[in-house]
Amino acid sequence: MKYRKLDNDGDYVFGHGDNDFLFDVDAVGQLIKTRLKLLLGEWWEDLEDGLPLFESILGLSGTDENTKAVDMLIQNRIMNTDGVTNIKKFSSGINKRVYDMQAVANTIYGVVEVSL
C-alpha cells in the first residue's frame, strides 16, 4: 500500500519524490487516522462515508453505555479500513468530557498503533 504523507496540519506533502509517501503498515496507520477524522457527509465523493460525530456522538453523556456505543462506531471505522485484519487491543476513556482511545490493529503488513 502507498499513501501520500500528511503534514502536522493535515495537508498533503509534495516536492520530495518517494519521501512524500508512506508504505505498508505506516500507510495503513495514516489511513486509519484519516478515516477517523472524516466526518459523515464531509467528503463530496461519498456523502455516506465518515464518522457520525454530529449525528451519533456529540451531546452524549459520558455513561458507560454511551462510551461503548462510541467505541463500537470507532472500532467499525478501524475494521473497515483497507489492510486491517483485526483489532488486537482497544481501550478508551472519557476524562473531563474528552474522549481518548488507543488501538493496536493487525494489518496485512504488520501491527500498527493508533490513538486519538
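Of note:
- Within the range 33-55, the set of residues being out of contact with any helix residue (DSSP H, G or I) (no Cβ under 9 Å at 6 or more places or on another chain) and in a loop (DSSP other than H, G, I, E, B) comprises Glu42, Trp43, Trp44, Glu45, Asp46, Leu47, Glu48.
Yes/no matrix, rows are residues, columns are (1) in contact with a Leu (Cβ under 8 Å, 6 or more places away or on another chain); (2) within 14 Å of Thr107 (Cβ to Cβ); (3) among the aromatic types (Phe, Trp, Tyr); (4) modelled with pLDDT of 95 or more:
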| site | (1), (2), (3), (4) |
| --- | --- |
| Asp9 | no, no, no, no |
| Tyr12 | yes, no, yes, no |
| Gly17 | no, no, no, no |
| Phe21 | no, no, yes, yes |
| Val25 | no, yes, no, yes |
| Ile32 | no, yes, no, yes |
| Glu42 | no, no, no, no |
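- When the range 7-34 is filtered for residues that are within 16 Å of the chain's Cα centre (by Cα) and β-branched (Val, Ile, Thr), the ones remaining, listed by number, are Val25, Val28, Ile32, Thr34.
- Flag if Tyr109 is of a type in the set (Ser, Thr, Tyr) and not in a strand (DSSP E or B): yes
- Ser91 satisfies every condition listed in (1) loosely packed, with under 10 Cβ neighbours inside 10 Å; (2) modelled with pLDDT of 95 or more; (3) of a type in the set (Gly, Ala, Ser) except (1).
- Criterion (surrounded by 13 or more Cβ atoms within 10 Å (Cβ to Cβ), free of Cβ contacts under 8 Å to residues at least 24 places away in the same chain and polar (S, T, N, Q)) met by exactly one of Asn106, Asn86: Asn106
The values are calculated or read from the model by the stated rules, or taken from the named source; none is laboratory data. These figures come from a predicted structure and were not determined experimentally. Cβ atoms come from the backbone with ideal geometry, glycine included; neighbour counts cover every protein chain shown.
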